[in-house]
Amino acid sequence: MTIPITSQHRILVVDDEKNIQTMLEILLTKEGYNVDTASGGREALDKIDKTFYSLIISDIKMPDISGLELLRLIQEKSPRSMVVLITAYASNETAVEGMKLGAYDYISKPFKIDEIRLVIKNALEHQILKEENLKLKRQLSASIDDLGIIGSSKPMRNLMDTIIRVSKTRSPILITGESGVGKEVVARSIHYLQDPKSPFIPVNCGGIPENLLESELFGYKRGAFTGAIKDKAGLFETANGGILFLDEIGELPMTLQVKLLRVLQDQTFRRLGDSRDIHVDVQVISATNRDIEKEVIEKRFREDLFFRLNVLRIHVPPLRERKEDIPLLLEYFIKKFSTKYQTKPISISSFILKELENYNFPGNVRELENMVERAVAIQNSNIILPEAFETKEEISGPGESEGSDSFYTCNFPNEGVNLPDLLEEIEKQYLKEALNRCQGKKIEAARLVGMSFRSFRYKLEKYRME
Ligand SMILES: Nc1ncnc2c1ncn2[C@@H]1O[C@H](COP(=O)(O)OP(=O)(O)OP(=O)(O)O)[C@@H](O)[C@H]1O
Ligand SMILES: [Mg+2]
């Protein structure tokens, strides 16, 4: 197996002696690596927060933080980085102690150029192998429970194979599929397979105003705009070493599309109002329920950005194309919500199961999940059937309240019910479902439940659903 050692690797050289810094910088740049320098432990930590380094070469004796202390902090902050220590010839013992603490190797002063080259090459090869091994182990032992994806149908098995395959790389991935099919679940499972300890940062590109989204993603320098009272790191920095999940990518405003393209091209960006480049190692996984190809044709989405995001593609099929999964999903959600509401598990009659299998689930898995939550929350032994809603509309038409008694199966327990609580619970469920169906757009959701925007918002506040 050949291991590519390319300029993808960033190396940080930490030494308080300027001439050593410069010498290593020149040597390693010539070898084709990207090199940064820091003249002490604190500066190094600052850089490690912002940038992922495959390798950190640090002097042991430094005035602010010792190399060994720095090593400990690196293991905490950036466990995937390799560390090589620099030691004066006479103090190899400390270097050996460093290796016991987890440094990969050491190089001793005065330097022998060939030794440095070899140690660094080995350290980087070791880093790649270590990551590959860890990933492989997780992939081999990954069970459905670990991935959090329920489903045994053919389409779901194919999906899981794809997930395992794509999680071997850190190329951008585009996940498509209708609302509520489980796109985020898929993204999280890739994260699990890659490295569960690394950051997974979800961002909803549709729910945040343009300016805010820009400063959220890229961060800003103090004074960049009114209100920017101190420097702030963007989510690209927070996601360093892990995954940035850009949900509803189809709604990303044009100006931000240009900026995102640049980050994808060279993994480099600037905070707003700052002239320094920040380099990050972030895998971008994006998701959309829109027909993104059509958006591209109609010029609402940049073609070049689309190609960058769509390096790998995962399509999550709608629930109606994999109805075999319904019983498993039901079982899973019932368990989940009976734990949450501390109720006895409710049972589902085979009649209801059949009914559910006849239903089309426009809201996909989320709709099924909400349905079960509702049923468990109000302790109804019958799952409330979606047909109840449809039929009602067909028969009585919207706006009529007659016949609403058939909305729910009235399951009157012998000991009685707390009707006000029950009604609140039902109200909450409807508000939540309306928001889901309208992708969080409150104005539309209010209309859907026949409420004014004001009272809708009031209810959301009341139930702390904001
Ligand atoms: N296969 C699955 N196994 C278990 N839970 C699932 C599965 N698919 C979806 N869910 C659950 O359904 C809900 C919706 O899933 P998710 O948020 O991933 O959908 P989505 O495709 O991102 O939807 P949207 O387009 O509306 O953002 C979540 O609560 C998720 O946990
Ligand atoms: Mg989603």
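The values are calculated or read from the model by the stated rules, or taken from the named source; none is laboratory data. Remember, predicted model here, so these are calculated numbers, not experimental data. All Cβ positions, glycine included, derive from the backbone under ideal geometry; neighbour counts span all protein chains shown.
Observations on the structure shown:
- Any hit, the range 129-138, residues being closer than 26 Å to ARG42 by Cβ and modelled with pLDDT under 90: no
- Some residue of the range 161-175 being within 13 Å of ligand 1 (Cβ to nearest atom), more than 14 Å from ILE243 (Cβ to Cβ) and modelled with pLDDT under 95: no
- You will find that of LYS336, LYS344, the residue that is touching an Asp or Glu at 6+ places or on another chain (Cβ under 9 Å), more than 16 Å from ligand 2 (Cβ to nearest atom) and not assigned by TED's automatic domain parsing to the domain that holds MET160 is LYS336 and no other.
- Test: residue in the range 54-65 that is surrounded by fewer than 14 Cβ atoms within 10 Å (Cβ to Cβ) and basic (Lys, Arg): no
- Among the residues of the range 20-48, the ones that are in a helix (DSSP H, G or I), among the polar types (S, T, N, Q) and more than 13 Å from ILE86 (Cβ to Cβ) come to 2 in all.
- Helices (runs of 4 or more DSSP H) fully within the range 105-190 counting 1 or more residues that are within 16 Å of ligand 2 (Cβ to nearest atom), touching a helix residue (DSSP H, G or I) at 6+ places or on another chain (Cβ under 8 Å) and outside the structural domain of GLY67 (by TED's automatic domain parsing): 154-166
- Residues satisfying the stated conditions in the range 293-316, i.e. within 16 Å of ligand 2 (Cβ to nearest atom) and surrounded by fewer than 20 Cβ atoms within 10 Å (Cβ to Cβ): HIS315
- Screening the candidates SER286, SER275 for the property of being hydroxyl-bearing (Ser, Thr, Tyr) and either within 16 Å of ligand 2 (Cβ to nearest atom) or not assigned by TED's automatic domain parsing to the domain that holds GLU214 (or both) yields one hit, SER286.
- Within the range 44-67, residues that are closer than 30 Å to PHE218 by Cβ have Cβ atoms under 8 Å from residues that are of a type in the set (Phe, Trp, Tyr) in these pairs: LYS47/TYR53, counting only partners at least 6 apart in sequence or on another chain.
- Verdict on PRO63 being over 20 Å from LEU101 (Cβ atoms), not in a strand (DSSP E or B) and not hydroxyl-bearing (Ser, Thr, Tyr): yes
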